[in-house]
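Reviewing the structure listed below.
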Amino acid sequence: MDNPQSNLGPEGLKRAAAERAVEGYVESGMVLGLGTGSTAALVVRRVGELIAGGELGAIRGIATSERTAALAKEVGIPLLTLSEARPAVTIDGADEIGPGLALIKGRGGALLREKIVAHAGGPGSLVVVADRSKLVDSLGEGPLPVEVESFGWGATLESLASLGCEPELRMKGPDTPFVTDGGHYTADCLFPSIPDPVALEAEIKRIPGALESGLFVGLSRVAVVARGEGVEVIGA
């Protein structure tokens with residue numbers, strides 16, 4: 001556990017965790033995968049601050065969403081695509097962190113691009129930044145997002161339901177489905193529990209129309225977690 005920071009509120013602790021992740025895992029000259037979400041945004045802003053202050057140089061980012069790309073440009077992080085480079089490290093948030101640093105991600109709507117970038121870096125290249133509420137004993141306390149092709153989405157949700165979940169199409173408005181940056185829909189799948197995320201990920205991948213699930217297994221190096229008493233690095 002790092003220095004106690006019990007006087008910080010939840011947002012201050014998340015910022016401390018973001019700063020700890022950048023301090024511990026970002027180096028000058030690195031190609032850095034930039035995650036999506038409120039905690040990942042704190043990481044992007046911190047990297048921008050260090051670039052502006054001359055403490056980091058030659059950092060280039062690969063963004064996992066259009067909103068992250070916009071933020072990176074705002075704070076002065078040059079961007080590359082995966083056709084140009086691979087990330088040495090990706091720093092991103094998580095919705096649930098389970099045993100063995102297995103994750104559920106994607107409730108923010110960017111899971112396919114997040115997984116593409118994390119996978120491109122290879123096993124152990126993902127650094128997770130989160131608050132302690134994301135720690136769970138078993139994955140599946142909340143819905144598992146699955147990005148699906150908009151064509152035939154109803155049939156895809158029926159196939160997902162056959163795996164033992166209650167799938168629900170994510171909506172942007174009363175009659176408007178949420179659409180990802182890639183032009184796809186998202187099914188939020190509520191399972192009683194997910195005791196074997198590796199097996200479930202494989203089953204989902206066998207469903208035509210299910211493009212990718214929010215199960216991230218075998219990709220995480222560490223989780224930098226903001227707790228009430230400070231910041232803890234899990235898996236180091």
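The values are calculated or read from the model by the stated rules, or taken from the named source; none is laboratory data. Quantities reported herein were computed from a predicted structural model and do not represent experimental measurements. Here the Cβ positions follow ideal geometry from the backbone for every residue, glycine too, while neighbour counts run over all protein chains shown.
Among the residues of the stretch 14-22, is any surrounded by fewer than 18 Cβ atoms within 10 Å (Cβ to Cβ) and either in the same structural domain as Val222 (by TED's automatic domain parsing) or in contact with a strand residue (DSSP E or B) (Cβ under 6 Å, 6 or more places away or on another chain) (or both)?
So in the stretch 14-22, the residues surrounded by fewer than 18 Cβ atoms within 10 Å (Cβ to Cβ) come out as none.
Looking through the stretch 14-22, none of the residues is surrounded by fewer than 18 Cβ atoms within 10 Å (Cβ to Cβ) and either in the same structural domain as Val222 (by TED's automatic domain parsing) or in contact with a strand residue (DSSP E or B) (Cβ under 6 Å, 6 or more places away or on another chain) (or both).
Scan the stretch 65-92 for residues that are charged (D, E, K, R) and in a strand (DSSP E or B) and the total you get is 1.
Only one of the listed residues (Val43, Val47) is more than 27 Å from His184 (Cβ to Cβ), outside any loop (DSSP other than H, G, I, E, B) and at pLDDT 95 or above. That residue is Val47.
If the condition is being out of contact with any Asp or Glu (no Cβ under 7 Å at 6 or more places or on another chain) and in contact (Cβ under 8 Å) with a residue 24 or more places away in the chain, then the stretch 162-177 contributes Gly164, Cys165, Glu166, Pro177.
So how many residues does the stretch 32-59 have that are surrounded by fewer than 17 Cβ atoms within 10 Å (Cβ to Cβ) and closer than 19 Å to Ala118 by Cα? The number of residues fulfilling the criteria is 1. Would you call Leu139 more than 25 Å from Ala21 (Cβ to Cβ) and not assigned by TED's automatic domain parsing to the domain that holds Thr90? The answer is no for Leu139. The set of residues in the stretch 171-197 being closer than 18 Å to Glu141 by Cβ and not polar (S, T, N, Q) consists of Ala187, Asp188, Cys189, Leu190, Phe191, Pro192, Ile194, Pro195, Asp196, Pro197. Being part of a loop (DSSP other than H, G, I, E, B) and of a type in the set (Gly, Ala, Ser) is the filter; apply it to the stretch 93-105 and report the residue that is nearest to Arg20 (Cα to Cα). By that ranking, first place goes to Gly93.
Of note, Gly140 does not satisfy the criterion of being under 13 Å from Ile97 (Cα atoms), buried (at least 20 other Cβ atoms within 10 Å of the Cβ), touching a Pro at 6+ places or on another chain (Cβ under 6 Å) and at pLDDT 95 or above. Out of Gly108, Gly98, one residue alone is closer than 30 Å to Pro195 by Cα and at pLDDT 95 or above. It is Gly98. Considering the stretch 68-113, and only residues there that are farther than 16 Å from Val31 by Cβ and among the acidic types (Asp, Glu), the residue that is surrounded by the fewest Cβ atoms within 10 Å (Cβ to Cβ) turns out to be Glu74. In the stretch 203-232, the qualifying residues are those that are under 17 Å from the mean Cα position of the chain (by Cα) and β-branched (Val, Ile, Thr), and the one that is nearest to Cys189 (Cα to Cα) is Val217.
Against the numbered list (1) modelled with pLDDT under 95; (2) surrounded by 14 or more Cβ atoms within 10 Å (Cβ to Cβ), Asp188 comes up short only at (1).
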